[in-house]
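Written below as structure tokens is the structure these notes are about.
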Amino acid sequence: MRYYIIAGEASGDLHTSNLISEIKRLDKDADFRGWGGDLMHAKGATLVKHYKDLAFMGFVDVIAHMNTIRKNLIFCKKDILEYKPDVVILVDYPGFNLRIAEFVKKHQIKTIYYISPQVWAWKKSRIKRIKKSIDQMLVILPFEKEFYQRYNYHVEFVGHPLLDVLEIKVKGDNSLFKTENGLDQRPIIALLPGSRKQEIKRMLKSMLAVVPYFNQYQFIIAGAPGIPAEYYLSLKDEIAFKVIHAQTYELLQQAEAALVTSGTATLETALLEVPEVVCYKGDKLSVALARKLIKIKYISLVNLILDKPVVTELIQNDLNADQLRVELNELLFNPLKRDKMIADYKLLKTKLGGKGASKKAAQLIFTSFSKSK
């Protein structure tokens, strides 16, 4: 079968690469083409566009790049028709993917959505579009199945693919991490300031403001793919830190605590049982619009899934040196808070449905298509 996949972000590239591996186990003649990243390409997919050229943040950034987005849509539609896939698999990235789904549906090509848009947070109007244009929705968060049921739309909960990723990538013995990376023997605080330059620029300054208060710790940045260490170092203002690329999980395994930008990384940090503070600071207009449109109690997946404030969320003006200092001090020196957070993390793992998400998703995709033949 011919599979056309669109993943517009780094996390989508990661999860789609694992999905491709599982589909190949079931479909020996599988051919993959799509939009994604290096990991998809490494698994054999022909890469049409890289997600680095697609990722625009916030309302202001999207508006500024509307012409580019329009051209990408035109190109994608043309490419799909020329490739003639048996199925189009859409991975999150809703603003783009839902438009493609509507186009694909008109051409009688099967559509599968893997990793649902966050319609439970905002734009519930998208549910109507999903019901009309998506043949099968595979969700990865436990509350999403019940949410869609309220709108008479059946979806399949496959579990969260991060559990599979962590099982593969996390090393049992990481004792040489500091030596191999030229670090000293002080305990580590991990900084995860995001994956895009404009995001990193906003977040890192706030995170680094607490460094002088914790001299007994070393602060290590988890470098994002495609962002050179020089970029981080150019933002440092004489504050000491190091950047380590391609070892985020190993870094978190060694960390006593972490400051993490809101997004998938907050969930990864929790699944590795690292006490964390969730941070977010966007441009003022985008955040103001988001607060009017988004109707959820929390911004971090950890708190959303468990439906309670497990991790502290510092947003906009609350993300400052004084607040961060207080919260980080609690994580490091209040054993009751640390123990309670880690206990909640264990409950989180249970709620996420256990390992095997990629395998379940691949089986559902392959079986669904086989039945429709």
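Taking the range 209-291 as the region of interest, the helices (runs of 4 or more DSSP H) fully inside it that hold 3 or more residues being under 20 Å from residue 314 (Cβ atoms) and aliphatic (A, V, I, L, M) are 264-271.
Residues satisfying the criterion are present in the range 195-205 (criterion: farther than 15 Å from residue 321 by Cα, free of Cβ contacts under 8 Å to residues at least 60 places away in the same chain and not basic (Lys, Arg)).
In the range 74-93, the residue that is farthest from residue 7 (Cα to Cα) out of those that are out of contact with any Asp or Glu (no Cβ under 9 Å at 6 or more places or on another chain) and buried (at least 20 other Cβ atoms within 10 Å of the Cβ) is 80.
Would you confirm whether or not the range 29-40 contains a residue that is among the small types (Gly, Ala, Ser) and closer than 20 Å to residue 77 by Cβ?
Checking the range 29-40: at least one residue is among the small types (Gly, Ala, Ser) and closer than 20 Å to residue 77 by Cβ.
Of the residues 269, 264, the single one that is at pLDDT 95 or above, of a type in the set (Ser, Thr, Tyr) and under 22 Å from residue 161 (Cα atoms) is 269. Do we have residue 303 as free of Cβ contacts under 8 Å to residues at least 40 places away in the same chain, surrounded by fewer than 19 Cβ atoms within 10 Å (Cβ to Cβ) and polar (S, T, N, Q) here? Criteria not met by residue 303.
When residue 172 is tested against the conditions (1) in contact (Cβ under 8 Å) with a residue 40 or more places away in the chain; (2) surrounded by fewer than 20 Cβ atoms within 10 Å (Cβ to Cβ); (3) more than 29 Å from residue 73 (Cα to Cα), the lone failure is (1).
Residue count for the range 218-234, restricted to those that are surrounded by 13 or more Cβ atoms within 10 Å (Cβ to Cβ), at pLDDT 85 or above and under 24 Å from the mean Cα position of the chain (by Cα): 10. The criterion of at least 1 residues that are among the basic types (Lys, Arg) is met by the following helices (runs of 4 or more DSSP H) wholly inside the range 1-110: 10-26, 66-83, 94-106.
If the condition is being in contact (Cβ under 8 Å) with a residue 40 or more places away in the chain and either within 18 Å of residue 315 (Cα to Cα) or more than 24 Å from the chain's Cα centre (by Cα) (or both), then the range 183-194 contributes 183, 187, 191, 192, 193, 194.
The values are calculated or read from the model by the stated rules, or taken from the named source; none is laboratory data. It should be emphasised that the depicted structure is a prediction, and the values quoted were computed from it without experimental measurement. Please note: Cβ atoms are built from the backbone with ideal geometry, for glycine as well, and neighbour counts cover all protein chains shown.
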